[in-house]
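The values are calculated or read from the model by the stated rules, or taken from the named source; none is laboratory data. Source: prediction; values computed, not measured. Note that we place each Cβ from the backbone using ideal geometry, even for glycine, and neighbour counts take in every protein chain shown. Side chains included, ligands, DNA and RNA excluded: accessible areas come from the protein's heavy atoms. Shrake-Rupley method; radii C 1.70, N 1.55, O 1.52, S 1.80 Å.
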Amino acid sequence: MVVTISASYGAGGSWIGPQVAERLGAQFVDRAIPVQVAERLGVPQDHADAHDEAAHSRLAFLLSRLPNTAGVVVPNATDESFCRETESLLREVADAGDVVILGRAAAIVLGERPQALHVRLDGPVEARIAQAMRVEDIDEEEARARQRGSDRARMAYVKHFYDADPRDPRHYELVIDSTALPLETVVDLIVAAARARSGSRS
């Protein structure tokens with residue numbers, strides 16, 4: 001069972017992803033990817049983080065130790081090795097067993113994998129900002145700055161390496177406005193869809 005989750009800022013991906021993994025009895029993969037990329041390339045962890053698609057995007061509710069998300073890293077040609085090593089790791093974890101992967105353009109990298117479920121979490125900008133303010137306990141000015149930086153960084157990463165738009169529904173089997181439903185309900189929907197997609201009855 002492979003589930004990939006692409007989430008815009010404020011859509012709740014960092015809360016939803018681990019909950020889905022727990023419900024499915026699957027490994028959750030998010031911050032482990034840049035750590036392993038750094039190890040494989042023999043570079044410091046902070047250097048790999050600077051090239052990571054999600055280095056400036058996670059919800060502080062779960063990952064408050066990360067740097068301020070207002071910054072933006074726009075990829076350039078020198079980032080190719082980081083991207084390709086990330087792709088290799090994504091394929092390895094998908095081959096290893098049941099897994100839920102958050103970010104890293106995983107829906108595109110693993111797009112041809114049979115029975116994988118690719119999910120997009122999004123919502124209107126104002127609703128995502130309001131949700132981020134609640135979840136991260138930050139003020140509106142900070143939430144808006146994080147939204148601009150995070151969404152721009154994600155778009156730049158996917159556009160640069162895959163010439164694609166992460167918002168394009170053709171990459172996903174399930175697209176949810178996770179600002180219009182309780183996050184717990186979104187988890188229920190993804191779990192049900194993942195089980196149906198994989199043919200699991202558990």
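Find which of VAL100, GLY111, LEU89 sits farthest along the positive direction of the dipole of region 76-151, computed with +1 on the beta-carbon of Lys and Arg, -1 on that of Asp and Glu, about the Cα centre. Of VAL100, GLY111, LEU89, it is GLY111. Here's the picture: a label point sits 7 Å out from the Cα of ALA127 along the beta-carbon direction, and within region 164-188 the residues with their amide nitrogen under 12 Å of it are 176-183.
With 0.36 nm allotted per residue and the present C-alpha distance subtracted, the GLU140-ASP188 stretch has 14.4 nm of extension available. Element breakdown for region 73-202 at a 1.4 angstrom probe: carbon and sulfur atoms account for 50% of the accessible area. Put a dot 7 Å past the Cα of ASP177, heading toward its Cβ, do the same for ALA96, and the two dots end up 3.8 nm apart.
Note that region 98-178 shows a convex hull volume over its alpha carbon atoms of 99 Å³ per residue. For region 82-202, the solvent-accessible area works out to 48 Å² per residue, with a probe of 1.4 Å and every protein chain left in place.
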